[in-house]
Number of protein chains: 6
Amino acid sequence: MSDAPPISRFPVPSLDRLPADLRERIDAVAEKSGFVPNVYLALAHRPDEWRAFFAYHDALMERESGLTAAAKELIVVATSAANDCLYCVVAHGAIARIRARDALIADQVAVDWRKADLSERRRAMLGFAVRLAERPAEVTEADLEELRGHGFSDDDIWDIGAITALFALSNRLAHLSAMRPNREFYLMGRVPKEILAQLG
Amino acid sequence: MSDAPPISRFPVPSLDRLPADLRERIDAVAEKSGFVPNVYLALAHRPDEWRAFFAYHDALMERESGLTAAAKELIVVATSAANDCLYCVVAHGAIARIRARDALIADQVAVDWRKADLSERRRAMLGFAVRLAERPAEVTEADLEELRGHGFSDDDIWDIGAITALFALSNRLAHLSAMRPNREFYLMGRVPKEILAQLG
Amino acid sequence: MSDAPPISRFPVPSLDRLPADLRERIDAVAEKSGFVPNVYLALAHRPDEWRAFFAYHDALMERESGLTAAAKELIVVATSAANDCLYCVVAHGAIARIRARDALIADQVAVDWRKADLSERRRAMLGFAVRLAERPAEVTEADLEELRGHGFSDDDIWDIGAITALFALSNRLAHLSAMRPNREFYLMGRVPKEILAQLG
Amino acid sequence: MSDAPPISRFPVPSLDRLPADLRERIDAVAEKSGFVPNVYLALAHRPDEWRAFFAYHDALMERESGLTAAAKELIVVATSAANDCLYCVVAHGAIARIRARDALIADQVAVDWRKADLSERRRAMLGFAVRLAERPAEVTEADLEELRGHGFSDDDIWDIGAITALFALSNRLAHLSAMRPNREFYLMGRVPKEILAQLG
Amino acid sequence: MSDAPPISRFPVPSLDRLPADLRERIDAVAEKSGFVPNVYLALAHRPDEWRAFFAYHDALMERESGLTAAAKELIVVATSAANDCLYCVVAHGAIARIRARDALIADQVAVDWRKADLSERRRAMLGFAVRLAERPAEVTEADLEELRGHGFSDDDIWDIGAITALFALSNRLAHLSAMRPNREFYLMGRVPKEILAQLG
Amino acid sequence: MSDAPPISRFPVPSLDRLPADLRERIDAVAEKSGFVPNVYLALAHRPDEWRAFFAYHDALMERESGLTAAAKELIVVATSAANDCLYCVVAHGAIARIRARDALIADQVAVDWRKADLSERRRAMLGFAVRLAERPAEVTEADLEELRGHGFSDDDIWDIGAITALFALSNRLAHLSAMRPNREFYLMGRVPKEILAQLG
């Protein structure tokens, strides 16, 4: 699509002009996913911030945790939807579908987490995350107590809150730059991989 | 999925107990779509309201209009998303994809109509609709003037406003009843029909 | 008042150019009330929508129900006031005064339903309706439970919610068109009929 | 109505136990109006605050001003409606009808000042007042400039703002105490005095 | 600072042109504080309102009460911060520090009263005050009950509410006039008086 | 103060159990400031997140930029105040006072950036930042244009937005953990260093 809008309002450096460590990571992602998610390019005009962002991302999202990978992605989807963030809802919606092996859950959580097909425990988790995303001063000790009542450890609660916080940052960078999600994300996790391949 | 949650908090009559005119319409829809959209069932415990609802729907959505069928569906998606209405975003998102022949536009409009791939004219249309949906008292003559400046006739403006109004009703019935969208809607319009068929 | 503002921003057809079924209904209302409520005229430029609107209205408002006629009108007044809708608050305020045989209750409910002279049961009913009107996604199963605790059946709850939903539509049509209430409504139900007649 | 709710949640002293200066003023009001407006009683448990409140009230409302008495009352009605204040909307709505010699204007301004039958100048005045009432930090120099453009002097602007400020106080006392308006206010200014007398 | 912005958008009369009673009070304050707080000057172009304002202020703030002087000032700080009122937060923050003999508490309460170093009782007091300041219609009997549960008498509750109400007025006058706090207030109560004197 | 509340709801490791790189940085800060700002301790239970956070912080806050160090700190203060974040307002308020060599500006910006003693250019900068902090989806190309009109380069705009985004994260971690600012911050930049030393 030659006439697609740019992926960011800010400069997007070409891959071959990036520092080697950025390019290495991007190449690895591209190999695994089959494409380069636009966030890797839209942040690259600031390599130090790029490094800090992905270091933070990996520290939280790839950490051994009481939260499953699917749960983490649903936190991203719910809070990013609360912030109307197109990039994060579409990209992490795709990852959530894959991690949860559920083609419907990301759309449900993005539109109305209260009515999504979730356990009470997960609903409490998302309720906490959305509150922290939208009205952070109103998060009180009682909210943490409620999560503990659902069996979350304090370490889990930190994960829920810190992922919410990281995407509060990420959502704002995406709105600042009008970052666009890659076309590929829209369909990922909705149909089997072999069909995706067939669709090209 | 034997354990799927019910499609409504309120009674859902079986098809064979419905008045003949309801059943007839439902049969026609089922034949055309391959399934019965849940809204037809979730409202059926009140046949008179059912008849009025679909009469209203048809009067607006199937009317010859200055708005294309795709434009109408995007109004539904944008305003239903402003109301966090799962049924309407998922079901009308599917119809919007088909009417607009665009696999991405419904997700874009549902998450952030401001950054969706739309002409300025369509963006103004959705801005007006969302304002009427969310803060109706703040719609003033100046807003209508702005739409006229984009080439909308007063008849078009009525359509934009009346569709928004009908789905203000519909979104509230859906939240009242916790109405669930059919599984089929999630994928419609994202992949070619022959692939859909293949997926069963 | 020759210089009164028009009753709508959109075309208002003259009675003699309306389809026979519309005219018939309007004549009956005029005969009963002594005047033609403006909503009948302001919607008449779209006869199919007119028919659907009043069919919906009658299906809910004239239905045998666990809710009294007065209760239904108070739902309209409270939710329309939440939407700052001049037409609906003034017109249905009048009807509420008459149905409730109470000259004060409509003003009380319009300004602050929390402090109106109502039973706890009615206050719970209006609290539910206003929540559905203003923040529909936040209506949860717990809210329905609370209404059941006040003795409302599920059928009653549907009525409360569906009336709220219909006037969510109606309020938005009124704001879209800047619909004006008839002068007569302002005083109806405040003084005995014979005095009203005397005032001309 | 022997079973009417109390006029305040807080103590209401009997007239004969009030300090002489309060009783004198109250007697004068009662003679003029035919009844004692409840605010005079509901504040009387704190005579010093009572004196300050009515001194403030008189300083603003009875002052020679570029604003007419009707304009001042409409500011009270619009801002008190923004605060959902039953006492002030009903009591000052009555006074506004009388001062403006207009039976309809108070209800219009209370429900939706944007659509009330007002000149552009008055609408700007109410827009400013409601903004100061609801989101005071957002009132900027540009808002004052707009009022000046409508011909308001800086002295007028102070009156508009100070009346709004005084009723920000008054509305909160009314909500704190659940202050009830007198029955008489509901009908005042809606029908000629001789009819009112006839109604008893 | 010759180029400091004016202390008000409205006229500020020179001290020698003020009525004697105003001048007398101002002289007394100046003697005690070492400077004339700007509010005394910014309101002085309206002597009657000035008198009413300070009469109201004294009636509440200098009254024997179940609330300590420090508690009263914290109510002012918390509600004025909710209204983003620079004059009241800075000036009454200073007084609060002095009354509470606590150099930190005013900043804590201004930024986030929920996390300030307060007893549960004081936190409940401020929660009530902020609710009345921000969403007065939502204050219900249950909120008063909660305060009674913390040992507040009804007289105390009136004080909490009335102070909140008076500063709802005061905050709006300050925003209307862009009233500036005196430089002196910023440091008062943060360091011992002898240091302050040393700083000049 | 032996009974001061803990600095975080989450575990705070003792310095001697921290990884060497954390300890080294903390020692350096302590040497420079005379104390260890609590954020260094409150995040230390998660060393990888700690490293990413401070790497991000340094990348933005210590970068050569079109924004002065003072401007950057005022962005932190304004947006953290919008989020009611006690730690960030108090700690970065102190740094802002020092960087701006202005004892008053941080309090002004924290309470009401609109009325702070700022140039129009800086006011526009803070208006943009606060909008991105509070309603990120509403930041549009027109907002960026306005900043360009004030002479900000796109690189400056990225800095404004990215600092806002980073503290959107930071504010949420602080609310999550109820992080407390050090006592020292409250007074820094208000009085000359030699006085501070004298106060101990």
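Please tell me if D:ILE105 is within 19 Å of C:LEU86 (Cβ to Cβ), within 14 Å of chain E (Cβ to nearest Cβ) and of a type in the set (Val, Ile, Thr).
It is false that D:ILE105 is within 19 Å of C:LEU86 (Cβ to Cβ), within 14 Å of chain E (Cβ to nearest Cβ) and of a type in the set (Val, Ile, Thr).
Give me a count of the residues in region B:111-122 that are open to solvent by 10 Å² or more (accessible area, probe 1.4 Å) and under 18 Å from the mean Cα position of the chain (by Cα).
Looking only at that region, the number is 3.
Among C:VAL39, C:VAL76, which is the only one that is surrounded by 23 or more Cβ atoms within 10 Å (Cβ to Cβ), β-branched (Val, Ile, Thr), under 13 Å from the mean Cα position of the chain (by Cα) and under 18 Å from C:GLU184 (Cα atoms)?
C:VAL39
Can you tell me which of (1) of a type outside the set (Ser, Thr, Tyr); (2) under 17 Å from E:ILE75 (Cα atoms); (3) modelled with pLDDT under 95 is the one E:ILE195 doesn't meet?
(2)
Which of the residues spanning region C:172-200 are in a helix (DSSP H, G or I), under 30 Å from B:ALA133 (Cα atoms) and at the interface with another protein chain (Cβ under 9 Å from one of its Cβ atoms)?
Result: C:ARG172, C:LEU173, C:ALA174, C:HIS175, C:LEU176, C:SER177, C:ARG183, C:TYR186.
Could you tell me how many of the residues in region E:7-49 are in contact with a Pro (Cβ under 7 Å, 6 or more places away or on another chain) and of a type in the set (S, T, N, Q)?
Residues in region E:7-49 being in contact with a Pro (Cβ under 7 Å, 6 or more places away or on another chain) and of a type in the set (S, T, N, Q): 1 in total.
Does C:ALA116 fit the bill of being modelled with pLDDT of 95 or more and over 21 Å from C:ARG148 (Cβ atoms)?
Criteria met by C:ALA116.
In region F:140-147, is there at least one residue being within 19 Å of the chain's Cα centre (by Cα) and open to solvent by 50 Å² or more (accessible area, probe 1.4 Å)?
No.
Looking at region B:30-56, which of its residues are of a type outside the set (Val, Ile, Thr), within 14 Å of chain C (Cβ to nearest Cβ) and part of a helix (DSSP H, G or I)?
Those that are of a type outside the set (Val, Ile, Thr), within 14 Å of chain C (Cβ to nearest Cβ) and part of a helix (DSSP H, G or I): B:ALA42, B:PRO47, B:ASP48, B:GLU49, B:TRP50, B:ARG51, B:ALA52, B:PHE53, B:PHE54, B:ALA55, B:TYR56.
Can you tell me which residue among C:ASP16, C:ASP27 is in a helix (DSSP H, G or I), more than 23 Å from C:LYS193 (Cα to Cα), of a type outside the set (A, V, I, L, M) and open to solvent by 60 Å² or more (accessible area, probe 1.4 Å)?
C:ASP16
For region B:109-125, what are the residues that are charged (D, E, K, R) and within 11 Å of chain A (Cβ to nearest Cβ)?
B:ASP112, B:ARG114, B:LYS115, B:ASP117 - these are the residues of region B:109-125 that are charged (D, E, K, R) and within 11 Å of chain A (Cβ to nearest Cβ).
In the set A:ILE98, A:ILE163, which member is open to solvent by 50 Å² or more (accessible area, probe 1.4 Å), in contact (Cβ under 8 Å) with a residue 60 or more places away in the chain and under 17 Å from the mean Cα position of the chain (by Cα)?
A:ILE98
Just wondering, is there one or more residues in region A:84-91 that are within 14 Å of chain F (Cβ to nearest Cβ), farther than 19 Å from A:VAL111 by Cβ, in contact (Cβ under 8 Å) with a residue 24 or more places away in the chain and assigned to a helix (DSSP H, G or I)?
No: zero hits.
From the list F:SER153, F:SER177, pick out the single residue that is open to solvent by 10 Å² or more (accessible area, probe 1.4 Å), among the small types (Gly, Ala, Ser), at negative phi and modelled with pLDDT of 95 or more.
F:SER153
Consider region E:129-160. How many of its residues are among the acidic types (Asp, Glu), farther than 24 Å from D:THR164 by Cα and free of Cβ contacts under 8 Å to residues at least 60 places away in the same chain?
5
Could you list, in sequence order, the residues of region A:124-139 that are open to solvent by 50 Å² or more (accessible area, probe 1.4 Å) and either in contact with a Pro (Cβ under 9 Å, 6 or more places away or on another chain) or in a helix (DSSP H, G or I) (or both)?
A:ARG131, A:GLU134, A:GLU138
Could you list, in sequence order, the residues of region A:1-44 that are β-branched (Val, Ile, Thr) and over 25 Å from B:LEU118 (Cα atoms)?
Listed by number, the residues that qualify are A:ILE26, A:VAL29.
The values are calculated or read from the model by the stated rules, or taken from the named source; none is laboratory data. All figures in this text were calculated on a predicted structure; none of them were measured in a lab. No Cβ is skipped: glycine too gets one built from the backbone with ideal geometry, and neighbour counts run over all protein chains shown. Surface accessibility is based on the protein's heavy atoms, side chains included, excluding ligands, DNA and RNA. Shrake-Rupley method; radii C 1.70, N 1.55, O 1.52, S 1.80 Å.
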